[in-house]
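Engineer: Handing you a structure now.
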Amino acid sequence: GQKVALLTLAHRRVGLIFAPGNPLGLNDLTDLAKPGIRFVNRQQGSGTRVWLDAQLHRAGIDTSNIAGYQDEKMTHSEVARAVSKGQAEVGLAVETAALSFGLDFKLLTTERYDLVIPADKWELESVQTLNRWLDTPHAKTEINNLGGYDTTETGSVRWVS
C-alpha cells in the first residue's frame, strides 16, 4: 500500500555450472536426476532455490532422485567452489560465479534485480547519486565487466503503488 520506485540494477543470468568442456554433456534440469551426477544446491528460501523447485515440480522431477539435492550452499560462489573442487558435477548458480571459478555455464533463466525505494526516500542525496550513476555508460561498463549481467535496463525507474 506504499508508493515505491523500482530502480533496476541489472538482469543476471542463472544456469547450470559444470567443469570446463561439459564432460558429462549436461544440458537441462532433467540431467540432474541421471545416475552418477552429483548436484550442489542453494539453500531453501533463496530466489534461485525457489525458481529451481518450481521448475522441477513443473517438469515432474522428484527431488529424491537428485543426488546431492540436500547439499545446500548459502551463496552462488559456494556452489561454484564445490563444483570446481569436484565435490559435485553440477550446480545451479549465476554466470558470474561460474566465470570466477573457471567453470562452464548453460543459461536457464534470467532474473531481474531492482532496488525497492519508498517514495519518501527517493529524493535523498545518496539515492539520487546512485540513480544518476546507474544511468551512466561507466556504471553499465563496470557491471558488464563482472560478467553474467545484462545492463540493458540498468538505471531505469518504475513507480508502483
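Engineer: State all residues of the range 126-146 that are crowded, with 16+ Cβ neighbours inside 10 Å and under 16 Å from the mean Cα position of the chain (by Cα); if no residue qualifies, say none.
Structural biologist: Hit for the range 126-146 is ILE143, nothing else.
Engineer: Pick from PHE101, PHE105: which is of a type in the set (Phe, Trp, Tyr) and under 18 Å from LEU32 (Cβ atoms)?
Structural biologist: PHE105
Engineer: Quick check on the range 23-47: of everything there that is touching a helix residue (DSSP H, G or I) at 6+ places or on another chain (Cβ under 7 Å) and not polar (S, T, N, Q), which residue is farthest from THR110 (Cα to Cα)? Give the steps one after another, and end with the answer.
Structural biologist: Restricting attention to the range 23-47, the residues satisfying the condition of being touching a helix residue (DSSP H, G or I) at 6+ places or on another chain (Cβ under 7 Å) are 29-30, 33, 37, 39-43.
In the following step, the residues that additionally are not polar (S, T, N, Q) were identified as 29, 33, 37, 39-40, 42.
Details: LEU29: 15, ALA33: 23, ILE37: 24, PHE39: 21, VAL40: 20, ARG42: 16 Å.
Filtering the range 23-47 for residues that are touching a helix residue (DSSP H, G or I) at 6+ places or on another chain (Cβ under 7 Å) and not polar (S, T, N, Q), the one farthest from THR110 (Cα to Cα) comes out as ILE37.
Engineer: Going by what's in this entry, would ALA82 be described as buried (at least 18 other Cβ atoms within 10 Å of the Cβ) and part of a helix (DSSP H, G or I)? If you could, list the steps in order and put the result at the bottom.
Structural biologist: Working: buried (at least 18 other Cβ atoms within 10 Å of the Cβ): yes; part of a helix (DSSP H, G or I): yes.
Yes, satisfied.
Engineer: For ALA67, indicate whether it is in contact with a Phe, Trp or Tyr (Cβ under 6 Å, 6 or more places away or on another chain) and either assigned to a helix (DSSP H, G or I) or open to solvent by 10 Å² or more (accessible area, probe 1.4 Å) (or both).
Structural biologist: Numbers: in contact with a Phe, Trp or Tyr (Cβ under 6 Å, 6 or more places away or on another chain): no; either assigned to a helix (DSSP H, G or I) or open to solvent by 10 Å² or more (accessible area, probe 1.4 Å) (or both): yes.
It is false that ALA67 is in contact with a Phe, Trp or Tyr (Cβ under 6 Å, 6 or more places away or on another chain) and either assigned to a helix (DSSP H, G or I) or open to solvent by 10 Å² or more (accessible area, probe 1.4 Å) (or both).
Engineer: Which ones in the range 15-55 are polar (S, T, N, Q) and part of a strand (DSSP E or B)?
Structural biologist: From the range 15-55, those polar (S, T, N, Q) are 22, 27, 30, 41, 43-44, 46, 48, 55; that's our starting set.
If the condition is that a residue be polar (S, T, N, Q) and part of a strand (DSSP E or B), then ASN41 is the only one that fits.
Engineer: Quick check on my filter: what residues within the range 107-125 are out of contact with any helix residue (DSSP H, G or I) (no Cβ under 9 Å at 6 or more places or on another chain) and open to solvent by 50 Å² or more (accessible area, probe 1.4 Å)? Walk me through how you get there before you give the answer.
Structural biologist: Start the filter on the range 107-125 by keeping residues that are out of contact with any helix residue (DSSP H, G or I) (no Cβ under 9 Å at 6 or more places or on another chain), which leaves 110, 112-114, 116, 118-120, 123-125.
Those that are out of contact with any helix residue (DSSP H, G or I) (no Cβ under 9 Å at 6 or more places or on another chain) and open to solvent by 50 Å² or more (accessible area, probe 1.4 Å): THR110, ARG112, TYR113, VAL116, ASP120, GLU123, LEU124, GLU125.
Engineer: Right, something else. For the range 95-126, what are the residues that are under 24 Å from VAL157 (Cα atoms) and in contact (Cβ under 8 Å) with a residue 24 or more places away in the chain? So that I can check it myself, show each step before the final result.
Structural biologist: Within the range 95-126, the first condition is being under 24 Å from VAL157 (Cα atoms), and the residues that meet it are 109-126.
Once the filter is applied, which keeps residues that are under 24 Å from VAL157 (Cα atoms) and in contact (Cβ under 8 Å) with a residue 24 or more places away in the chain, the range 95-126 yields THR109, THR110, GLU111, ARG112, TYR113, ASP114, LEU115, VAL116, ILE117, PRO118, ALA119, TRP122.
Engineer: Restricting the first residue to the range 68-85 and requiring it to be closer than 14 Å to ALA97 by Cα and of a type in the set (Ser, Thr, Tyr), which pairs with a second residue that is open to solvent by 60 Å² or more (accessible area, probe 1.4 Å) and not in a helix (DSSP H, G or I) meet a Cβ separation below 7 Å and a spacing of at least six or different chains?
Structural biologist: Within 7 Å, the pairs are SER84/PHE101.
The values are calculated or read from the model by the stated rules, or taken from the named source; none is laboratory data. Worth saying up front: this structure is predicted, and the values here are computed from it rather than measured. Please note: Cβ atoms are built from the backbone with ideal geometry, for glycine as well, and neighbour counts cover all protein chains shown. Each accessible area value is taken on the protein alone, full model and side chains, heavy atoms only, with ligands, DNA and RNA left out. Shrake-Rupley method; radii C 1.70, N 1.55, O 1.52, S 1.80 Å.
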